[in-house]
Amino acid sequence: MKDDSHKRIEVYSWMNSLNDVEKNRIFDASEILTYKRGETIIKQGTLASQIIFVEEGIAKLNFQTGERDTTFSFGMSGDFIGLMCSFVKKRLEFSAVAITDTTVRIIDREVFENLIETNGNFAVYIVKLMSELTNSVVHTLITMSHKNVNGAVATLLLTLSKLYKSAKLQIPFTRDEMADALGYSKESIINTLSSFHQDKIISISGRNLEIMQESALILIAEKG
């Protein structure tokens, strides 16, 4: 009899390329771990020895150079974390931190690799997925590095809205954490959010946020 975690994972598109026997191999070669908000899921510099899949929650992916910690992507329910780095058998050059309570499935890499070797449709899907992930990360790093604080905050809010699939959401981190993620001061983040609120682009109270003018936020994200 399948448990609830099996039912959850079977709704994801990457499972469609696997037959029942192959799915059971994934289930048998994996374990479920739960992380509280703020806990580290992956520490930068650890060996890439497993496949990590987010079943519930949201995590931020950070790259640290010197004293600067840059958030370059997010992983949420249905996403792999660091899939494009998982087969190099080297140390991971990023960290992953839960920004909500997060449940992940840790999958044995050898079993995952074997399915890629033996199932052509699955292999093609994973290659395409890794290409999309790489392109997304490169795009984010390039665009964010050229944005001012208004553009960076607007981009982050639009990303969160997309992750939550709603214009109304609860920001999953503090102003300090937003500042660290975007590379600006806490005061700059607060002033920008206040300005967006005064201009009725967003409505914000504490961590509760509603995007009132999505088109205006998109324009700021593009031009900022």
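The values are calculated or read from the model by the stated rules, or taken from the named source; none is laboratory data. Please read these numbers as outputs of a predicted model, since none were measured by experiment. Note that we place each Cβ from the backbone using ideal geometry, even for glycine, and neighbour counts take in every protein chain shown.
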Notebook entry, point to check: Out of all the residues in the stretch 197-204, is one or more of a type outside the set (Ser, Thr, Tyr), under 12 Å from Ala154 (Cβ atoms) and in a helix (DSSP H, G or I)?
Noted result: no
Checklist line | Long-range neighbours under 6 Å by Cβ, at least six apart or interchain, first residue farther than 17 Å from Lys23 by Cβ within the stretch 96-118, second of a type in the set (Asp, Glu) | finding: Ala98/Glu39; Thr103/Glu55; Thr103/Glu56
Next item on the list: Quickly run through the stretch 163-203 and pick out the residues that are over 20 Å from the mean Cα position of the chain (by Cα) and farther than 22 Å from Ala216 by Cα.
Entry: Ser185, Lys186, Glu187
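Of all strands (runs of 3 or more DSSP E) completely enclosed by the stretch 1-93, which ones contain at least 2 residues that are touching a Leu at 6+ places or on another chain (Cβ under 9 Å) and modelled with pLDDT of 85 or more?
40-42, 50-56
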Notebook entry, point to check: Within the set of pairs 6+ apart or on separate chains, which have a first residue in the stretch 162-183 that is under 14 Å from Leu209 (Cα atoms) and assigned to a strand (DSSP E or B), a second that is at pLDDT 85 or above and not β-branched (Val, Ile, Thr), and C-beta atoms under 7 Å apart?
Noted result: Lys168/Glu210; Leu169/Ser161; Leu169/Leu209; Gln170/Arg207; Gln170/Asn208
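Yes or no, residue by residue, for (1) of a type in the set (Asp, Glu); (2) in contact with a helix residue (DSSP H, G or I) (Cβ under 8 Å, 6 or more places away or on another chain); (3) within 21 Å of Tyr164 (Cβ to Cβ):
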| site | (1), (2), (3) |
| --- | --- |
| Gln44 | no, no, no |
| Glu55 | yes, yes, yes |
| Phe74 | no, yes, yes |
| Ile81 | no, no, yes |
| Glu93 | yes, yes, no |
| Ala96 | no, no, yes |
| Ile99 | no, yes, yes |
| Ile107 | no, yes, no |
| Glu113 | yes, no, no |
Item checked: Hits in the stretch 205-224 - residues which are over 14 Å from Thr155 (Cα atoms) and surrounded by 14 or more Cβ atoms within 10 Å (Cβ to Cβ) -> Leu209, Met212
Notebook entry, point to check: What are the residues in the stretch 205-224 that are charged (D, E, K, R), farther than 20 Å from Ser73 by Cα and not in a strand (DSSP E or B), if any?
Noted result: Arg207, Glu214, Lys223
